[in-house]
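One structure is given below, encoded as structure tokens.
The values are calculated or read from the model by the stated rules, or taken from the named source; none is laboratory data. Because the structure is predicted, anything quoted here is derived from the model rather than measured. Positions of Cβ are backbone-derived with ideal geometry, glycine not excepted, and every protein chain shown enters the neighbour counts. Calculation scope for accessible area: heavy atoms of the full protein, side chains included, ligands and nucleic acids excluded. Shrake-Rupley method; radii C 1.70, N 1.55, O 1.52, S 1.80 Å.
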Amino acid sequence: MGEYDVIVVDAGNAALAAATSAQEHGAERVLVLEKAPEELRGGNTHYSGGLYRFAFEKVEQLAPLLPNAEQQMAGFMESVQPHPAELFWEDLLRVTEGRTDRTLAEVLIGNSYNTVSWVAEQGIEMEPATTLSSISYKGKVKWSPGAVVRTMHEGVGLSKSWFGIVDRRGVEVRYETGAMKLLQNSAGRVSGVLAQGPKGFEEISAGAVVLGCGGFESNPAWRARYLNRPWDNAKELPGATYLLAFRVA
């Protein structure tokens, strides 16, 4: 047995959802590694819009997610159109120019509603995404297909809520501690991580390791390649993930 049942690398939306799910499914010793100091925690999630894009066949399916939607926005339910899986597929194939991995996309789309419902069940409050994906036209509200729900207080609220959830569940979070590489046992199985924290390097063993650490955001060349310039000029907060916010001349 490892020192921990599960180690989760990073502390954004996906990472803390993974830590919560692991603890919910029986992992007693869950460790989250956040390379930022506590006051800068949350990475890109903190600066996001907290928007959820998912498939739903009927508008009524939004009611459990947004129980106060009509109080927050009169006529909300009447303004929304269903976003079935077929439309989600069309969107995905369009933005990827047909290069979508169909196996992964089936998992993404097929589980999207249940996943958002699970997030809401954890205690994360949601609201209509009025300032992110809606426009008013001739007295009527129009929505970007499938993008009608966001976390209350957007990314700031999403990050704060997840940290509150893992804290109540007893998940350990180590700040200013980044994972440098994966450890493997003699059979080649991942058995932990080599972490670097305030006291230096440390090998931490675990039964499983989840990488919830995004992708190319900390690589300027990749940002320029995949997001186009001037994203390569985005500045990094000390000890934190990249803050993708800057002025374009």
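Gain in length, Q81 to L93, computed as 0.36 nm per residue apart minus the alpha-carbon separation, to one decimal in nm? Don't jump to the answer; show the numbers that get you there.
Details: separation 12, 0.36 × 12 = 4.32 nm, distance 2.04 nm.
My answer for the length gained is 2.3 nm.
At a Förster distance of 45 Å, what's the computed FRET efficiency of E202 paired with V156, Cβ-Cβ distance as r, to 0.05? Numbers along the way, then the final one.
On the way: r = 31 Å, r/R0 = 0.69.
Computed FRET efficiency for E202 and V156 comes out at 0.90.
Please compute the per residue accessible area over the chain with all protein chains in place, 1.4 Å probe, rounded to a whole number of Å². It would help to have the intermediate numbers written out before the result.
On the way: 14430 Å² over 249 residues.
Dividing the accessible area of the chain by its residue count gives 58 Å².
Whole number please: convex hull volume per residue of the Cα set in the chain, in Å³? Don't skip to the end; give the middle numbers.
On the way: hull volume 41.1 nm³, N = 249.
Normalising the Cα hull of the chain by residue number yields 165 Å³.
Select from G192, G75, G212 the residue whose mean-square fluctuation is largest in a Gaussian network model of the chain (Cα-Cα springs shorter than 10 Å).
Fluctuation is largest for G75.
How large, in percent, is the carbon and sulfur part of the accessible surface of segment 52-178 at a probe radius of 1.4 Å?
Working: 3770 of 7330 Å².
Exposed carbon and sulfur together represent 52 percent of the surface.
Can you give the convex hull volume per residue for the Cα atoms of segment 1-149, as a whole number of Å³?
Hull volume over Cα atoms, normalised by residue count, gives 155 Å³.
Filter K35/K142; K35/K58; K138/K160; K160/K181 down to the pairs with a C-alpha to C-alpha distance above 31 Å, please.
Details: K35/K142 40 Å; K35/K58 41 Å; K138/K160 37 Å; K160/K181 28 Å.
Checking Cα-Cα distances, K35/K142; K35/K58; K138/K160 exceed 31 Å.
As a test of the formula, what do you get for the chain when each DSSP H run with n ≥ 4 contributes -39,500 (n - 2.57) and the sum is divided by the residue count, at 222 nm and rounded to the nearest 500 deg cm²/dmol? Display every interim value, and only then the final one.
Numbers: 10 runs with 83 residues, N = 249.
Helix-only estimate at 222 nm: -9000 deg cm²/dmol.
Rounded to the nearest 0.05, what FRET efficiency do K58 and E28 have when you use their Cβ-Cβ distance and R0 = 22 Å?
On the way: r = 39 Å, r/R0 = 1.77.
The pair K58/E28 has a calculated efficiency of 0.05.
Please work out how much length the chain gains when fully extended from Y226 to E38, using 0.36 nm per residue of separation minus the C-alpha to C-alpha distance, in nm with one decimal.
Extra length available between Y226 and E38 comes to 64.7 nm.
From the phi of every residue in segment 179-193, what ³J(HN,Hα) in whole Hz does the Karplus formula 6.51 cos²θ - 1.76 cosθ + 1.60 yield, where θ is phi - 60° and glycine or proline is x?
7, 8, 6, 7, 9, 10, 8, 5, 8, x, 7, 4, 10, x, 9
Can you tell me the convex hull volume per residue for segment 87-150, based on C-alpha atoms, in Å³ to the nearest whole number? Working shown, then result.
Values: hull volume 6.5 nm³, N = 64.
Convex hull of Cα atoms, per residue: 102 Å³.
For every other residue with a beta carbon closer than 14 angstrom to the beta carbon of L183, add +1 if it is Lys or Arg and -1 if Asp or Glu, then tell me the sum.
Details: positive: K181, R189; negative: E3, E202, E203.
Charge balance near L183 sits at -1.
Computed over the Cα atoms, what is the radius of gyration of segment 100-225 divided by 2.2 N^0.38 Å, N being its residue count?
Values: Rg = 19.7 Å, N = 126, 2.2 N^0.38 = 13.8 Å.
Rg over 2.2 N^0.38 Å, computed on Cα atoms: 1.42.
Calculated FRET efficiency, M73 and V190, Cβ-Cβ r, R0 51 Å, to nearest 0.05? If you can, show how the numbers build up before the last one.
Working: r = 46 Å, r/R0 = 0.90.
Once rounded, the FRET efficiency stands at 0.65.
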